[in-house]
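Reviewing the structure listed below.
The values are calculated or read from the model by the stated rules, or taken from the named source; none is laboratory data. Just so we're clear, the structure is a prediction, and the values are computed from it rather than from any experiment. Note that each Cβ is placed from the backbone with ideal geometry, even for glycine, and that neighbours are counted across all protein chains shown.
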Amino acid sequence: MAREKEKQLAPSPFSQTYFHGTKADLKIGDFIEAGYNTNYQQNKKAKYIFLTATLDAAIWGAELSFGEGRGRIYLVEPTGEIENDPDLTDQKFKGNPSMSYRSTKPFRIVGEVTIWEGHGPDQVKAMKDGIRKRNEQGVNSLNDE
């Protein structure tokens, strides 16, 4: 029994990797913080910042975000508590298959994924059209509450 408890408390060399997709040009050591324009709606300040444990969701973030620069995917480390992103969990999908999270606490940039393959132009256009349509219809995000 003591050996089993010891195994549970032993530190692990593995930790969860988190990504943040954006067009912002940032550097290792910088912090991503709430209060700036959201990635998906200009002139709207973000109450939360987002991260994901899947590269695909981060790629979508990089491709769909506003801005003229190239899409970037940063490896980030949360500095505080994170929680499931309610727009993607239990509302659209049961559970959290995209492993998408939000926080009001900053994320520290610890690296950048520089080689990644984006989605096809038709897929990106369809997603951008869907976001634009929801914005025009005034569909509120659960992240606005």
Legend entry - Complete set of residues in the range 115-134 that are within 19 Å of the chain's Cα centre (by Cα) and among the aliphatic types (A, V, I, L, M): ILE115, VAL124, MET127, ILE131
Inset, instruction - Only residues in the range 10-35 that are of a type in the set (Ser, Thr, Tyr) count as the first member; pair them with residues that are assigned to a loop (DSSP other than H, G, I, E, B) and at pLDDT below 95, Cβ under 7 angstrom, at least 6 apart or cross-chain, and list the lot. - result: THR17/ALA53; TYR18/ALA53; THR22/ASN39; THR22/SER65
Inset, instruction - Need at least 1 residues that are among the hydrophobic types (A, V, I, L, M, F, W, C) and either more than 13 Å from GLY21 (Cβ to Cβ) or in contact with an Asp or Glu (Cβ under 9 Å, 6 or more places away or on another chain) (or both) per element, so show me which strands (runs of 3 or more DSSP E) inside the range 50-139 make the cut, counting only ones lying wholly within it. - result: 72-78, 107-113
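This table checks each residue for (1) modelled with pLDDT under 90; (2) buried (at least 17 other Cβ atoms within 10 Å of the Cβ).
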{"residue": "TYR40", "(1), (2)": "yes, yes"}
{"residue": "THR52", "(1), (2)": "no, yes"}
{"residue": "SER65", "(1), (2)": "yes, yes"}
{"residue": "GLU68", "(1), (2)": "yes, no"}
{"residue": "ARG72", "(1), (2)": "no, yes"}
{"residue": "LYS92", "(1), (2)": "yes, no"}
{"residue": "SER100", "(1), (2)": "yes, yes"}
